[in-house]
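Just so you know, all these numbers are worked out from the coordinates, no wet-lab data involved. None of these values were measured; they are calculated from a predicted model. A quick note on method: Cβ atoms are made from the backbone with ideal geometry, for glycine too, and the neighbour counts reach across all protein chains shown.
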Amino acid sequence: MSRFLLVITWIPSALVSIFASIFLLHYLTHVRDAKTLIRLKTKEALLPQNQIHFFAALPEVLGTFSTTISSGDARPEIIRTFLSRYNSPLSSYAEFIVDTADKYNVDYRMIAAVAMQESTGCKFIPEDSYNCWGYGVYGDKVTRFANYKEGIEAVTKLLRQNYIDDGLATPEEIMARYTPPSKGSWARGIEYFLEQMQ
């Protein structure tokens, strides 16, 4: 009988202790947060007003977040990342490459792909030529440009006027006129580099 009486009194006592602990924990958490807030506000009031301070805000509801997404043209970054991977000096001209491709309505990846195929991204070019595309380079003949921008402009315009406007749009079709002796390897290389920039 005494054990029964002990069990009957222990259960309510345990429940009261649990609820009291939860209430006390909740209360102390809010009091601590309030004291922290008061302490922060006091410190903030003591700070010089001419300084800039940044504070992180807590989310209004636990488990929620908000973010801002801004739109922009990712193509220059795609080109820059691709060319940087190969340590190409053309990587700093990524935006110009995209702008020039848009100007002549050419696939923005094509100029970078041809530069990779022809000169490993301008690493192996005739001296002082800025010609990364093998354009007009055969035998002792070398077409030279004053700088990379001039080369990008000339080759993009060439692709539009001498190839795409004539219906030669795929790497295989362009290869037949651009570098006929390659027997497919040039087109496969171009396709490989184009895929890396998707």
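Summary table below
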read-out	value
Average Cα contact separation per residue, segment 79-198, under 8 Å, 6 or more apart, as relative contact order %	24
Computed lengthening from residue 74 to residue 182, 0.36 nm per intervening residue step minus Cα-Cα distance	35.6 nm
Point-to-point label distance, residue 20-residue 142, nm (Cα→Cβ direction, 7 Å offset)	9.3
